[in-house]
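Okay, structure first, notes after.
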Amino acid sequence: MKPKTIRGMNDLLPEVIGTWRYLERIVIQIAESYGFNEIRLPLIERTELFKRSIGADTDIVEKEMYTFKDRNDESITLRPEATASMVRAGITNGLLHNQQQKLWTMGPMFRYEKPQKGRYRQFHQFNLEAMGYKGPDIDAELIIMCARIWKVLNLKNLRLEINSLGNQESRAIYRNKLIAYFSEHKNELDQNSLDRLQSNPLRILDSKNPDMLSIIKRAPIMLDYLDDESKRDFDMLRLLLDNANIKYIVNPRLVRGLDYYNKTVFEWVTDDLGAQGAVCSGGRYDGLVEKLGGRATPAIGWAMGIERLVSLYEISNERVANTVPHIYIVTDGDMALHKGFDLAEELRENFPTLRFKLNMGGGSFKSQLKRADKSQAFYAIIIGTEEMENNQVGFKPLRNNEAQVNVSFEDIVTEVKKIFG
Ligand code: ATP
Ligand code: MG
């Protein structure tokens, strides 16, 4: 029996890596053009970190975390998201007190979800956080940066939804209003929502159950209970987005799936990917640093799902190829093989961004040419006995019917330059 991957975990094969790397490079370049710096974090943290930050009554903590005991009987968890680790790292390394930090990181996240298209158990995020900034200017900048990414990648059909969750006090008032409202309609609530009615009523607004839509639609909205500062910040954010010509929808039911958010929350959503439409989501989390043991530090961040970004990109773009060799070198006999080694090294020295494959493992001249063709290479360089005698190699185009040209040993580099620029 063939071994399988664990459900929801995917191998990313060489043919897709070109697109992944290209998209990652663009996103990194843009983030760095806004002054963000890379930080790399462990994939596992103490379970407690995620419980305290994401919140005990959330889907992630209740049923999606990969949690284990290590050999020392300590409970550890594969990170389901990066913000908690980012904040932890900020506190651990003393990066936050009286400082401003713009940080990005990228890598796998783990959630025990129901696998389907666009939803996996190991998935990848590009994640960035601005800590020590009270907003709303930085809130706007983070959103404008996303818009720039879509623009550079020529991705259309992404809409921006924004909302404000207010500060702690105003949210507490709203929370009570929500509990009162949903309590009046208890018979319409599903079990999940009944369970959350007292502990985390905002989460009910995030329900994906279609039967709940109508009752959720009529629920009171946070925006009617915003404190003055949150209201001012939200107005300013909207002005800054208008000024940058960025269209958005105010979605009063956007609450996000994690407990640590306050004030600005936002999501970039597309209809082109079916049900899994959230490509990039984020928000402000002014209370989290203090909650995790640091000094109060306002902060905001977002996370982009790379699988979803790749899928969206592939709808309207060719795959970015990086597996095809530019030149496949075939040799006939020992002398030619020696020459082939020298030549391949010389070419790699002169053209560090091109891909050269020197035939390995022998084979008849004919079978080597077959391999060259199968590799999809653009050209074969042929070093046969005749070529050796004449101090030449043959350049054979493999992807069209043009004739082979022979080039003397000294002119090979010039010829490659001519072909590949
Ligand atoms: P969703 O509503 O789709 O479950 P989420 O609100 O749980 O998303 P976040 O925790 O905000 O997502 O993560 C940020 C981004 O990571 C999402 O916008 C999405 O693009 C991506 N993402 C989240 N969960 C998964 C998953 N299981 N598989 C693939 N991508 C994911
Ligand atoms: Mg989710």
Checklist entry - With +1 on each Lys and Arg Cβ and -1 on each Asp and Glu Cβ, how big is the dipole of segment 281-407 about its Cα centre, in debye rounded to the nearest 20? => result 640
Next on the checklist: Can you order the peptides 274-280, 351-357 by their average number of other Cβ atoms within 10 Å per residue, highest first?
Outcome noted: 274-280, 351-357
Next on the checklist: Give me the net charge for the shell around residue 215: Cβ to Cβ below 15 angstrom, other residues only, Lys and Arg +1, Asp and Glu -1.
Outcome noted: +3
Next on the checklist: Need the list of lysines near residue 263 for cross-linking: C-alpha distance under 20 angstrom, and skip anything on the same chain fewer than eight residues off.
Outcome noted: 102, 134, 177, 231, 247, 291
Item to check | Cα-based convex hull, the chain, per residue volume (Å³, whole number) | outcome: 208
Item to check | Dipole of segment 1-66, positive direction: furthest Cα of 37, 9, 22, with charges on the beta-carbon | outcome: 9
Next on the checklist: Need one value: the accessible area of residue 255 in square angstrom, 1.4 angstrom probe, rounded to the nearest 10.
Outcome noted: 10
Item to check | Accessible-area order (highest first, 1.4 angstrom probe) of the listed residues 291, 217 | outcome: 217, 291
Item to check | Dipole in debye (nearest 20) - the chain, about Cα centre, beta carbon charges: Lys, Arg +1; Asp, Glu -1 | outcome: 960
Next on the checklist: Using a 1.4 angstrom probe on the protein heavy atoms only, could you order 63, 418 from most to least accessible area?
Outcome noted: 418, 63
Checklist entry - Can you give the accessible area per residue of segment 327-420, in Å², using a 1.4 Å probe? => result 59
Checklist entry - Which of the listed residues, 336, 225, 270, is farthest toward the dipole's positive end in the chain, when Lys, Arg count +1 and Asp, Glu count -1 at the beta-carbon? => result 225
Checklist entry - Of the heavy-atom accessible surface of the chain (probe 1.4 angstrom), what whole percent is carbon and sulfur? => result 48
Checklist outcome for this item: Summing +1 per Lys or Arg and -1 per Asp or Glu among the other residues with Cβ less than 10 Å from residue 326's Cβ gives +2
Checklist outcome for this item: Sorting 337, 103 on solvent-accessible surface, 1.4 Å probe, most exposed first, gives 337, 103
Checklist entry - DSSP beta bridges in the chain, what fraction antiparallel, as a percent rounded to 5? => result 80
Checklist entry - What's the local net charge at residue 252, with K and R +1, D and E -1, over the other residues with C-beta under 11 Å away? => result 0
Item to check | Long-range amide H partners of residue 66 with built H, under 5 Å | outcome: 78, 112
Next on the checklist: Based on the alpha-carbon set only, what is the convex hull volume of segment 327-420 divided per residue, in Å³?
Outcome noted: 92
Next on the checklist: If the elastic network links every pair of Cα atoms under 10 Å, which of 11, 190, 228 fluctuates the most in the Gaussian network model of the chain?
Outcome noted: 11
Checklist outcome for this item: Convex hull around the C-alpha positions of segment 306-352: the volume in Å³ per residue is 108
Checklist entry - How far is helix 137-152 tilted off the main Cα axis of the chain, in degrees rounded to 10, range 0 to 90? => result 30
Item to check | Residues of segment 84-148: accessible area per residue with a 1.4 Å probe, Å² | outcome: 38
Item to check | On Cα atoms only, tilt of 365-374 relative to the major axis of the chain in degrees | outcome: 20
Checklist entry - Under a GNM of the chain (C-alpha, springs under 10 Å), which listed residue has the highest mean-square fluctuation: 294, 363, 18? => result 363
Checklist entry - What value does segment 1-100 have for Rg/Rh, both radii from Cα atoms and Rh as Kirkwood defines it? => result 1.04
Checklist entry - Taking every DSSP beta bridge that has both residues in segment 327-420, what percent is antiparallel when rounded to the nearest 5? => result 50
Item to check | Accessible area of residue 83 in the full protein assembly, 1.4 Å probe (Å², nearest 10) | outcome: 10
Checklist entry - For the chain, with the dipole built from +1 on Lys and Arg beta-carbon atoms and -1 on Asp and Glu ones, taken about the Cα centre, which of 124, 303, 72 lies farthest toward the positive end? => result 72
Item to check | Prolate/oblate/rounded call for segment 239-281, Cα gyration tensor, a/c under 1.5 rounded | outcome: oblate
Checklist entry - Using +1 on the beta carbon of Lys and Arg, -1 on that of Asp and Glu, and nothing else charged, what's the dipole of segment 313-358 about the Cα centre, debye to 20? => result 140
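The values are calculated or read from the model by the stated rules, or taken from the named source; none is laboratory data. Note that this is a predicted model, so its numbers are computed, not measured. Because the Cβ atoms are built from the backbone with ideal geometry, glycine has one as well, and the counts that use them run over all protein chains shown. In case anyone asks, the SASA skips ligands and DNA or RNA and just uses the protein heavy atoms, side chains included. Shrake-Rupley method; radii C 1.70, N 1.55, O 1.52, S 1.80 Å.
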